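To start, the structure under review is shown below, and the notes come after it.
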Amino acid sequence: MDIIVLTPSATEEDIRHIIKKLAGKGLKANISSGTERTIIGVIGDTSKVSEDEENAIRAIDCVETVMRILKPYKLASRDFKKEDTLIDIKGNVIGGNRIHVMAGPCAVEKKPIFVNIAKKVKESGATFIRGGAFKPRTSPYTFQGLGEEGLQILAEAREATGLPVVTELMDPRDIEVVARYSDIIQIGARNMQNFRLLLEVGEMKKPVLLKRGLSATIKEWLMAAEYIMSRGNLDVILCERGIRTFETATRNTLDLSAIPVLKHLTHLPVMVDPSHGVGKWGLVIPMARAAIAAGADGLVIEVHTNPEEALSDGEQSLRPDVFKQLMDEIGLIAGAMGRRGHGQDSLRMQK
Ligand code: PEP
Ligand code: MN
């Protein structure tokens, strides 16, 4: 017995009753209060709980199901939930049939530049705009992001395009301000194992885009997702963005095999960011095509109208015309995979 799922009508009193029962067996409870139901993660040596004892818990009125999950990540596991998780962000459903593309520059830049890029990526079929206002830069002497001013620019770009916004949160102290402006909270690769930060976003009612750590195994990555989910926020989107290997021809090694591995292990949606994966704009299109063919639910792509002048990651940013070409190709590949991409949207609109 590792997970106890309560019925939607379970009360505080019911939860206290179960915690007491568990305590009697030397076990502790981790309560995840989601929007629909409460899930109790059982902490301690659950192998000592007999079948009879498990059945006794199952018999409690407010208990819907009791599960034994052998994997270390429980709520993130396919064993916990067979069906794919669908995350609805203002009508854009991630994890379903539709391929989603989050596009924009690495960092939020001055308003006219950023809003112009946002309009251009929307024209080509992007469904979210991205850009960092708080940037995790390797050097403390480089541009660190516009901070709250950048968040305001993101909100203005959302107003101008109608596209929801994805932006990074680096520090729990900024959680309220980032949540106020953003539709999806990004946790960057460098913070994938910042456990305090993961627990904080776990308390929020906003979807989280969790990027894979620079040297994280898939198991470590799923455990990071579990940290978020253990606090009640089940809306986690995983994003492969390349890992460190001995190879130096590309910025990172984009691990596309992670897509089918994750699809087997977890019900969570899987996005791929080929821009950070390869680090060079000319390599982004082929890897984006491959990601969709391998079963990714969408892409994160860096786009800039003037990559030479970009405040960060210009060398891996696509110009809008190249981005449009990529979107058209992705639409075709999505169609071949039985999924819906941006090309199919325009066909539908013409009808
Ligand atoms: C980003 O998305 O701009 C970013 C910093 O990515 P990562 O955390 O994957 O390096
Ligand atoms: Mn970047």
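If you check E176, E83 for being at pLDDT 95 or above, surrounded by fewer than 16 Cβ atoms within 10 Å (Cβ to Cβ) and in a loop (DSSP other than H, G, I, E, B), only one passes: E83. Flag: H304 does not match the condition of being more than 16 Å from ligand 1 (Cβ to nearest atom) and touching a strand residue (DSSP E or B) at 6+ places or on another chain (Cβ under 9 Å).
Can you tell me how many residues within region 292-315 are over 16 Å from the mean Cα position of the chain (by Cα), of a type in the set (G, A, S) and away from ligand 2 (no atom under 15 Å from the Cβ)? Please lay out each step first, then the result.
First, the residues of region 292-315 that are over 16 Å from the mean Cα position of the chain (by Cα): 292-294, 302-315.
Cutting the leftovers down to of a type in the set (G, A, S) gives us 293-294, 310, 312, 314.
Restricting the remaining residues to those that are away from ligand 2 (no atom under 15 Å from the Cβ) gives 293-294.
Of the residues in region 292-315, 2 are over 16 Å from the mean Cα position of the chain (by Cα), of a type in the set (G, A, S) and away from ligand 2 (no atom under 15 Å from the Cβ).
Filtering region 88-116 to residues that are buried (at least 21 other Cβ atoms within 10 Å of the Cβ) and on the phi < 0 side of the Ramachandran plot leaves I94, I99, H100, V101, M102, A103, P105, C106, A107, V108, E109, F114.
Looking only at residues in region 189-198 that are of a type in the set (A, V, I, L, M, F, W, C) and surrounded by 15 or more Cβ atoms within 10 Å (Cβ to Cβ), the one that is farthest from ligand 2 (Cβ to nearest atom) is L198.
So is I153 at pLDDT 95 or above, buried (at least 17 other Cβ atoms within 10 Å of the Cβ), within 16 Å of ligand 2 (Cβ to nearest atom) and part of a helix (DSSP H, G or I) or not? So I153 does not fit the description; no.
Can we say K28 is surrounded by 21 or more Cβ atoms within 10 Å (Cβ to Cβ), closer than 25 Å to P8 by Cα, touching a strand residue (DSSP E or B) at 6+ places or on another chain (Cβ under 7 Å) and not assigned by TED's automatic domain parsing to the domain that holds V284? Talk me through it step by step, then tell me what you get.
Working: surrounded by 21 or more Cβ atoms within 10 Å (Cβ to Cβ): no; closer than 25 Å to P8 by Cα: yes; touching a strand residue (DSSP E or B) at 6+ places or on another chain (Cβ under 7 Å): yes; not assigned by TED's automatic domain parsing to the domain that holds V284: yes.
Judged against the criteria, K28 is not a match.
Selection of region 248-291 for residues being within 14 Å of ligand 1 (Cβ to nearest atom), basic (K, R) and within 17 Å of the chain's Cα centre (by Cα) yields an empty set. Taking only region 201-227 into account, find how many residues are without any contact (Cβ under 8 Å) to a residue 60 or more places away in the chain, crowded, with 19+ Cβ neighbours inside 10 Å and under 11 Å from the mean Cα position of the chain (by Cα). Residues meeting the conditions: 3. The residue that is nearest to ligand 2 (Cβ to nearest atom), counting only those in region 209-261 that are among the β-branched types (V, I, T) and part of a loop (DSSP other than H, G, I, E, B), is T250. The numbered conditions (1) of a type in the set (A, V, I, L, M, F, W, C); (2) assigned to a loop (DSSP other than H, G, I, E, B); (3) more than 22 Å from the chain's Cα centre (by Cα); (4) closer than 18 Å to S275 by Cα are all true for I117 except (2).
Considering only residues that are buried (at least 22 other Cβ atoms within 10 Å of the Cβ) and of a type outside the set (S, T, Y), look in region 260-275 and name the one that is nearest to L234 (Cα to Cα). Break it down stepwise before answering.
Taking region 260-275 and keeping what is buried (at least 22 other Cβ atoms within 10 Å of the Cβ), we get 262, 266, 268-275.
From what's left, of a type outside the set (S, T, Y): 262, 268-274.
Values: L262: 16, L268: 9, P269: 11, V270: 14, M271: 16, V272: 20, D273: 22, P274: 25 Å.
Step by step, filter region 260-275, then rank; the result is L268.
Just one of the listed residues (I285, I330) is modelled with pLDDT of 95 or more, among the β-branched types (V, I, T) and surrounded by fewer than 24 Cβ atoms within 10 Å (Cβ to Cβ), namely I285.
Scanning region 67-80 for residues that are at pLDDT 95 or above and over 18 Å from H264 (Cα atoms) returns no hits. The single condition among (1) within 25 Å of I185 (Cβ to Cβ); (2) surrounded by fewer than 18 Cβ atoms within 10 Å (Cβ to Cβ); (3) of a type in the set (S, T, Y) that T245 does not meet is (1). All of I31, I39, I89 fail the test of being closer than 24 Å to A224 by Cβ and in contact with a Pro (Cβ under 6 Å, 6 or more places away or on another chain), apart from I89.
G104 - would you say it is within 21 Å of G331 (Cβ to Cβ) and away from ligand 2 (no atom under 16 Å from the Cβ)? Talk me through it step by step, then tell me what you get.
Numbers: within 21 Å of G331 (Cβ to Cβ): yes; away from ligand 2 (no atom under 16 Å from the Cβ): no.
Answer is no for this residue.
Please go through region 157-171 and give me each residue that is part of a helix (DSSP H, G or I) and surrounded by 14 or more Cβ atoms within 10 Å (Cβ to Cβ), ordered by number. Spell out how you get there, then give the answer.
The initial filter retains those residues of region 157-171 that are part of a helix (DSSP H, G or I), namely 157-161.
Within region 157-171, A157, R158, A160, T161 meet the criteria.
Condition check for Q186 on (1) farther than 26 Å from V101 by Cβ; (2) within 16 Å of ligand 2 (Cβ to nearest atom); (3) polar (S, T, N, Q): one failure, at (1). For beta carbons closer than 8 Å, sequence separation of 6+ or different chains, a first residue in region 129-143 that is away from ligand 2 (no atom under 12 Å from the Cβ) and a second that is of a type in the set (D, E), the qualifying pairs are A133/E148; A133/E149; A133/E168; F134/E168; F134/D171; F134/D174.
Only one of the numbered conditions (1) at positive phi; (2) at pLDDT 95 or above; (3) more than 16 Å from ligand 2 (Cβ to nearest atom) is not met by G44, and that is (2).
The values are calculated or read from the model by the stated rules, or taken from the named source; none is laboratory data. Everything quoted here is computed from the prediction, not taken from an experiment. We place every Cβ from the backbone using ideal geometry, glycine too, and count neighbours over all the protein chains shown.
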